[in-house]
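**Student:** Next up is a structure, given as C-alpha coordinates.
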Amino acid sequence: MKKRIDGRTAKGLRIREQFREQILAAYIDLIRTGIPAPTVAEIAKRGRFSLRVVFKHFPDLRTLRLAAFSQIQQRSGEFFSRDIPQTGSAAERLKLFIDRHLRRLEYLMPIRRTATMVEGVDPDVALALRQGRAAALVELKEYLGPTLKAFSPAERREVLTRLHMVCSWEALEFLRNHYRLSPARARALISGVALSVLADAERRAKGG
(Lines give C-alpha, C1' and ligand atoms only; values in the text may rest on other atoms or scores of the structure.)
Protein backbone atom coordinates (compact mmCIF):
# COMPACT_ATOMS: atom_id res chain seq x y z
CA MET A 1 0.00 0.00 0.00
CA LYS A 2 2.83 2.37 0.89
CA LYS A 3 4.51 1.82 -2.52
CA ARG A 4 1.24 2.60 -4.29
CA ILE A 5 0.85 5.85 -2.35
CA ASP A 6 4.48 6.79 -3.03
CA GLY A 7 3.94 6.09 -6.73
CA ARG A 8 0.86 8.27 -6.82
CA THR A 9 2.71 11.01 -5.01
CA ALA A 10 5.59 10.88 -7.49
CA LYS A 11 3.18 10.98 -10.43
CA GLY A 12 1.35 13.92 -8.87
CA LEU A 13 4.61 15.81 -8.43
CA ARG A 14 5.57 15.15 -12.06
CA ILE A 15 2.23 16.44 -13.28
CA ARG A 16 2.50 19.48 -11.04
CA GLU A 17 5.98 20.22 -12.36
CA GLN A 18 4.79 19.82 -15.96
CA PHE A 19 2.01 22.37 -15.42
CA ARG A 20 4.45 24.72 -13.71
CA GLU A 21 6.84 24.50 -16.66
CA GLN A 22 4.01 25.10 -19.13
CA ILE A 23 2.92 28.21 -17.25
CA LEU A 24 6.48 29.55 -17.15
CA ALA A 25 6.92 28.79 -20.85
CA ALA A 26 3.72 30.68 -21.70
CA TYR A 27 4.83 33.68 -19.63
CA ILE A 28 8.29 33.77 -21.22
CA ASP A 29 6.86 33.30 -24.73
CA LEU A 30 4.60 36.33 -24.24
CA ILE A 31 7.52 38.46 -23.07
CA ARG A 32 9.60 37.40 -26.06
CA THR A 33 6.78 38.38 -28.41
CA GLY A 34 6.84 41.93 -27.04
CA ILE A 35 4.39 41.86 -24.12
CA PRO A 36 6.49 43.05 -21.15
CA ALA A 37 3.86 42.52 -18.45
CA PRO A 38 1.50 39.67 -19.39
CA THR A 39 -1.74 39.30 -17.47
CA VAL A 40 -2.91 36.01 -15.99
CA ALA A 41 -5.61 35.86 -18.67
CA GLU A 42 -3.02 36.25 -21.43
CA ILE A 43 -0.80 33.58 -19.86
CA ALA A 44 -3.71 31.15 -19.55
CA LYS A 45 -4.78 31.77 -23.14
CA ARG A 46 -1.22 31.30 -24.41
CA GLY A 47 -0.80 28.03 -22.52
CA ARG A 48 -4.35 26.83 -23.22
CA PHE A 49 -5.24 26.24 -19.60
CA SER A 50 -7.59 27.92 -17.12
CA LEU A 51 -6.95 30.83 -14.80
CA ARG A 52 -7.45 28.43 -11.90
CA VAL A 53 -4.49 26.34 -13.10
CA VAL A 54 -2.22 29.39 -13.09
CA PHE A 55 -3.20 30.44 -9.57
CA LYS A 56 -2.97 26.84 -8.33
CA HIS A 57 0.75 26.82 -9.11
CA PHE A 58 1.58 30.51 -8.60
CA PRO A 59 -0.28 32.57 -5.98
CA ASP A 60 0.31 35.85 -7.84
CA LEU A 61 2.03 37.38 -10.83
CA ARG A 62 5.01 38.53 -8.80
CA THR A 63 5.83 34.94 -7.78
CA LEU A 64 5.43 33.82 -11.39
CA ARG A 65 7.63 36.63 -12.66
CA LEU A 66 10.43 35.81 -10.21
CA ALA A 67 10.30 32.13 -11.14
CA ALA A 68 10.51 33.02 -14.84
CA PHE A 69 13.44 35.38 -14.20
CA SER A 70 15.27 32.65 -12.28
CA GLN A 71 14.70 30.07 -14.99
CA ILE A 72 15.81 32.20 -17.90
CA GLN A 73 18.84 33.42 -15.94
CA GLN A 74 19.93 29.83 -15.38
CA ARG A 75 19.43 28.94 -19.02
CA SER A 76 21.41 31.97 -20.12
CA GLY A 77 24.48 30.32 -18.59
CA GLU A 78 24.60 28.09 -21.66
CA PHE A 79 25.64 31.14 -23.68
CA PHE A 80 28.52 32.07 -21.42
CA SER A 81 31.36 29.56 -21.28
CA ARG A 82 33.30 29.42 -18.03
CA ASP A 83 36.47 28.56 -19.96
CA ILE A 84 38.57 31.67 -19.48
CA PRO A 85 41.72 31.82 -21.63
CA GLN A 86 45.00 32.04 -19.79
CA THR A 87 46.92 33.13 -22.87
CA GLY A 88 46.53 35.89 -25.43
CA SER A 89 46.69 39.64 -25.10
CA ALA A 90 44.42 41.64 -22.83
CA ALA A 91 42.63 42.96 -25.92
CA GLU A 92 41.97 39.43 -27.20
CA ARG A 93 40.60 38.30 -23.84
CA LEU A 94 38.45 41.42 -23.56
CA LYS A 95 37.00 40.85 -27.04
CA LEU A 96 36.10 37.28 -26.06
CA PHE A 97 34.44 38.46 -22.86
CA ILE A 98 32.41 41.07 -24.76
CA ASP A 99 31.25 38.62 -27.40
CA ARG A 100 30.10 36.04 -24.85
CA HIS A 101 28.66 38.58 -22.43
CA LEU A 102 26.65 40.51 -25.02
CA ARG A 103 25.26 37.35 -26.60
CA ARG A 104 24.03 36.38 -23.16
CA LEU A 105 22.48 39.82 -22.66
CA GLU A 106 20.74 39.51 -26.03
CA TYR A 107 19.18 36.27 -24.81
CA LEU A 108 18.10 37.97 -21.60
CA MET A 109 16.94 41.22 -23.24
CA PRO A 110 13.15 40.65 -23.20
CA ILE A 111 13.12 39.57 -19.56
CA ARG A 112 15.54 42.35 -18.62
CA ARG A 113 13.17 44.91 -20.12
CA THR A 114 10.40 43.56 -17.92
CA ALA A 115 12.72 43.52 -14.90
CA THR A 116 13.65 47.15 -15.47
CA MET A 117 9.96 48.10 -15.42
CA VAL A 118 9.46 46.68 -11.93
CA GLU A 119 12.95 47.16 -10.44
CA GLY A 120 11.87 50.24 -8.48
CA VAL A 121 8.91 48.51 -6.81
CA ASP A 122 10.05 44.89 -6.49
CA PRO A 123 13.03 44.45 -4.13
CA ASP A 124 13.61 40.85 -5.23
CA VAL A 125 13.94 41.86 -8.86
CA ALA A 126 16.16 44.79 -7.89
CA LEU A 127 18.39 42.40 -5.94
CA ALA A 128 18.59 39.96 -8.86
CA LEU A 129 19.64 42.77 -11.21
CA ARG A 130 22.30 43.99 -8.77
CA GLN A 131 23.63 40.47 -8.46
CA GLY A 132 23.73 40.13 -12.24
CA ARG A 133 25.72 43.35 -12.61
CA ALA A 134 28.11 42.27 -9.86
CA ALA A 135 28.62 38.88 -11.52
CA ALA A 136 29.47 40.56 -14.83
CA LEU A 137 32.13 42.64 -13.09
CA VAL A 138 33.66 39.55 -11.50
CA GLU A 139 33.79 37.83 -14.90
CA LEU A 140 35.34 40.91 -16.49
CA LYS A 141 38.10 40.85 -13.87
CA GLU A 142 38.70 37.15 -14.51
CA TYR A 143 39.04 37.69 -18.25
CA LEU A 144 41.47 40.58 -17.89
CA GLY A 145 43.43 38.62 -15.30
CA PRO A 146 47.13 39.57 -15.05
CA THR A 147 46.60 42.75 -17.07
CA LEU A 148 45.03 44.41 -14.04
CA LYS A 149 48.20 43.90 -12.00
CA ALA A 150 49.95 46.49 -14.14
CA PHE A 151 47.61 49.20 -12.88
CA SER A 152 47.63 51.02 -9.57
CA PRO A 153 44.54 50.43 -7.38
CA ALA A 154 43.04 53.74 -8.54
CA GLU A 155 43.76 53.01 -12.21
CA ARG A 156 42.38 49.48 -11.86
CA ARG A 157 39.14 50.78 -10.35
CA GLU A 158 38.86 53.41 -13.10
CA VAL A 159 39.37 51.04 -16.04
CA LEU A 160 37.01 48.42 -14.57
CA THR A 161 34.32 51.03 -13.97
CA ARG A 162 34.58 52.28 -17.55
CA LEU A 163 34.57 48.80 -19.08
CA HIS A 164 31.72 47.66 -16.84
CA MET A 165 29.66 50.63 -17.99
CA VAL A 166 30.48 50.19 -21.69
CA CYS A 167 29.63 46.48 -21.59
CA SER A 168 26.43 46.88 -19.56
CA TRP A 169 22.95 45.81 -20.56
CA GLU A 170 21.90 49.47 -20.42
CA ALA A 171 24.48 50.33 -23.11
CA LEU A 172 23.38 47.42 -25.28
CA GLU A 173 19.70 48.28 -24.85
CA PHE A 174 20.39 51.91 -25.81
CA LEU A 175 22.07 50.87 -29.05
CA ARG A 176 19.49 48.22 -29.91
CA ASN A 177 16.35 50.15 -28.96
CA HIS A 178 17.27 53.78 -29.67
CA TYR A 179 19.58 53.41 -32.66
CA ARG A 180 17.96 50.19 -33.88
CA LEU A 181 21.33 48.53 -34.44
CA SER A 182 21.54 44.82 -35.18
CA PRO A 183 23.00 42.59 -32.44
CA ALA A 184 26.21 42.16 -34.43
CA ARG A 185 26.60 45.89 -35.08
CA ALA A 186 25.91 46.73 -31.43
CA ARG A 187 28.51 44.19 -30.29
CA ALA A 188 31.05 45.62 -32.72
CA LEU A 189 30.48 49.18 -31.53
CA ILE A 190 30.69 48.26 -27.85
CA SER A 191 33.79 46.18 -28.49
CA GLY A 192 35.47 49.09 -30.27
CA VAL A 193 34.77 51.51 -27.43
CA ALA A 194 35.87 48.99 -24.77
CA LEU A 195 39.13 48.25 -26.57
CA SER A 196 39.83 51.98 -26.78
CA VAL A 197 39.26 52.28 -23.03
CA LEU A 198 41.66 49.40 -22.38
CA ALA A 199 44.32 50.75 -24.75
CA ASP A 200 44.13 54.18 -23.15
CA ALA A 201 44.50 52.69 -19.66
CA GLU A 202 47.49 50.59 -20.70
CA ARG A 203 49.14 53.60 -22.32
CA ARG A 204 48.69 55.72 -19.19
CA ALA A 205 49.96 52.89 -16.97
CA LYS A 206 53.17 52.85 -19.04
CA GLY A 207 53.51 56.61 -18.68
CA GLY A 208 52.62 57.29 -22.30
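The values are calculated or read from the model by the stated rules, or taken from the named source; none is laboratory data. Predicted, not measured: the structure shown is a model, and the values here were computed from it. As a convention, Cβ positions derive from the backbone with ideal geometry for all residues, glycine included, and neighbour counts pool all protein chains shown.
**Student:** Quick one: what pairs do we get from the stretch 54-75, first residue more than 15 Å from P36 (Cβ to Cβ), second acidic (D, E) and modelled with pLDDT under 95, C-beta under 7 Å, 6+ apart or different chains?
**Tutor:** Note: pairs meeting the criteria are L66/D124.
**Student:** Residue check: is T114 surrounded by 14 or more Cβ atoms within 10 Å (Cβ to Cβ) and touching a Pro at 6+ places or on another chain (Cβ under 7 Å)? Give the steps one after another, and end with the answer.
**Tutor:** Details: surrounded by 14 or more Cβ atoms within 10 Å (Cβ to Cβ): yes; touching a Pro at 6+ places or on another chain (Cβ under 7 Å): yes.
Against the criterion (surrounded by 14 or more Cβ atoms within 10 Å (Cβ to Cβ) and touching a Pro at 6+ places or on another chain (Cβ under 7 Å)), T114 qualifies.
**Student:** So, V193, is that one in contact with a Phe, Trp or Tyr (Cβ under 9 Å, 6 or more places away or on another chain), surrounded by 12 or more Cβ atoms within 10 Å (Cβ to Cβ) and assigned by TED's automatic domain parsing to the domain that holds R103 or not? Break it down into steps so the answer makes sense when it comes.
**Tutor:** Values: in contact with a Phe, Trp or Tyr (Cβ under 9 Å, 6 or more places away or on another chain): no; surrounded by 12 or more Cβ atoms within 10 Å (Cβ to Cβ): yes; assigned by TED's automatic domain parsing to the domain that holds R103: yes.
Judged against the criteria, V193 is not a match.
Quick grid of which residues meet (1) within 30 Å of Y27 (Cβ to Cβ); (2) part of a loop (DSSP other than H, G, I, E, B); (3) in contact with a helix residue (DSSP H, G or I) (Cβ under 9 Å, 6 or more places away or on another chain):
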| residue | (1), (2), (3) |
| --- | --- |
| G120 | yes, yes, yes |
| V125 | yes, no, yes |
| Q131 | yes, no, no |
| K141 | no, no, yes |
| L148 | no, no, yes |
| R156 | no, no, yes |
| R180 | yes, yes, no |
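**Student:** So, in the stretch 54-70, exactly how many residues are over 16 Å from R113 (Cα atoms) and modelled with pLDDT under 90?
**Tutor:** 0
**Student:** Kindly indicate whether any position in the stretch 184-194 is in contact (Cβ under 8 Å) with a residue 40 or more places away in the chain and closer than 15 Å to A90 by Cα.
**Tutor:** For the stretch 184-194, residues in contact (Cβ under 8 Å) with a residue 40 or more places away in the chain and closer than 15 Å to A90 by Cα: present.
**Student:** hydroxyl-bearing (S, T, Y), surrounded by fewer than 17 Cβ atoms within 10 Å (Cβ to Cβ), in the same structural domain as A90 (by TED's automatic domain parsing) and at pLDDT 95 or above - does that describe any residue in the stretch 150-162?
**Tutor:** Our first condition is that a residue be hydroxyl-bearing (S, T, Y); within the stretch 150-162, this holds for 152, 161.
Checking which are surrounded by fewer than 17 Cβ atoms within 10 Å (Cβ to Cβ) leaves us with 152, 161.
Next, from what is left, pick out any that are in the same structural domain as A90 (by TED's automatic domain parsing): 152, 161.
Those left that are additionally at pLDDT 95 or above: 161.
Within the stretch 150-162 (the criterion being hydroxyl-bearing (S, T, Y), surrounded by fewer than 17 Cβ atoms within 10 Å (Cβ to Cβ), in the same structural domain as A90 (by TED's automatic domain parsing) and at pLDDT 95 or above), the answer is yes, since at least one residue qualifies.
**Student:** Something else now. Restrict the check to the stretch 72-93 and report whether at least one residue is exposed (fewer than 15 other Cβ atoms within 10 Å of the Cβ), assigned to a helix (DSSP H, G or I), modelled with pLDDT under 90 and of a type outside the set (D, E, K, R).
**Tutor:** yes
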